[in-house]
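K.L.:
Quick one: this structure, given as structure tokens, is what I'll be asking you about.
The values are calculated or read from the model by the stated rules, or taken from the named source; none is laboratory data. A quick note: this is a predicted structure, and the numbers were derived from the prediction, not measured. Neighbour counts are summed over all protein chains in view; Cβ atoms, including those assigned to glycine, are modelled from backbone coordinates with ideal geometry. Heavy atoms of the whole protein, side chains included, go into the accessibility calculation; ligands, DNA and RNA do not. Shrake-Rupley method; radii C 1.70, N 1.55, O 1.52, S 1.80 Å.
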Amino acid sequence: MENFVILSGCSGGGKSTLLSALADLGHVTIDEPGRRVVEAEQASGGSALPWQDMRAFLTRVIELRRADHDAARAQTDPVFFDRSLIDALTAWHHLTGSAELAPLAGQYRYARTVFLTPPWPEIYETDTGRQHGLDEARAEYDRLLTAYPAHGYDTVLLPKVPVAERVSFLLGQIDMDAKGD
């Protein structure tokens, strides 16, 4: 699935803003499943929220990300994912200590190059869907820096620049990768 481009990294690092800018340009984008689960749970009064029942939350995120991956398979143009199954599997392993779900990483592949947003304290904000602090976001980021290469992915850090420059950088990297294959 070389057209499945992952935007991952530090929570609050500008992934959703970048994804929105890509969608505005007409690119196919898939929103972060964690945000979608939180919104649905809050709307229904459910408890599968990361600050209430992390195991139930991650189970829902994993199911949603697998469905997103399956639904996007018909696309031939780049598909930009706000996070991937690797993020959810990394969180699951961190929570449970179990690698039981690790085989899913081999079944649901993405483009080899993954784009990571580094911690960016100047833009980091909490809200009703992101209640954890920057220290927890940094710890998650550090886990992802290790997890992606462990699953056979190369990582590229997105620069801390205005969104239009980030879009240009990202699209330039994808063009460069395509020409180099």
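K.L.:
Once label points are set 7 Å from the Cα along Cα→Cβ at both residue 143 and residue 100, what is their separation, rounded to one decimal in nm?
P.N.:
With each label point 7 Å from Cα toward Cβ, the separation is 1.7 nm.
K.L.:
Go through 40-48, 13-21, 79-87 and give me the packing order, highest mean Cβ count within 10 Å leading. Spell out each step's value before the answer.
P.N.:
Numbers: 40-48: 12.7, 13-21: 19.3, 79-87: 25.1.
So the peptides 40-48, 13-21, 79-87, ranked by packing, come out 79-87, 13-21, 40-48.
K.L.:
Counting only helical runs of four or more DSSP H residues, what would the 222 nm mean residue ellipticity of the chain come to if each run contributes -39,500 (n - 2.57) and the total is spread over all its residues?
P.N.:
Numbers: 7 runs with 92 residues, N = 181.
About -16000 deg cm²/dmol.
K.L.:
Non-local amide H neighbours of residue 155 (under 5 Å, H modeled in plane, Pro and chain starts lacking H): which ones?
P.N.:
Here 114 satisfy the definition.
K.L.:
What relative contact order, as a whole-number percentage, does the range 6-123 give when Cα pairs under 8 Å and 6 or more residues apart are counted?
P.N.:
Details: 137 pairs, mean separation 53.9, N = 118.
Over the range 6-123, the number comes to 46 percent.
K.L.:
Hey, another quick one. Among 21, 94, 174, which residue has its Cα furthest toward the positive end of the charge dipole of the chain, with +1 on Lys/Arg Cβ and -1 on Asp/Glu Cβ?
P.N.:
94
K.L.:
With each label point set 7 Å from Cα along the Cα-Cβ vector, what nm distance links residue 66 and residue 163?
P.N.:
3.3 nm
K.L.:
Still on this structure: Rounded to the nearest 0.05, what FRET efficiency do residue 76 and residue 173 give with R0 = 22 Å and r taken as the Cβ-Cβ distance? Could you check?
P.N.:
E between residue 76 and residue 173, to the nearest 0.05, is 0.70.
K.L.:
Suppose all protein chains stay in the model; what accessible area per residue would a 1.4 Å probe give for the chain, in Å²? Display every interim value, and only then the final one.
P.N.:
Working: 8890 Å² over 181 residues.
Per residue, the chain has 49 Å² of solvent-accessible surface.
K.L.:
Measure off 7 Å from each Cα along the Cα-to-Cβ vector at residue 54 and residue 107, then give the distance between these two points in nanometres to one decimal.
P.N.:
2.4 nm
K.L.:
Amide H to amide H, which residues 5 or more places from residue 4 or on other chains are under 5 Å from it, using H placed in the peptide plane?
P.N.:
79, 111
K.L.:
Next up: With just the Cα atoms defining each centre, how far is the range 60-120 from the range 1-32? Give it in Å.
P.N.:
Each part's Cα centre sits 13 Å from the other's.
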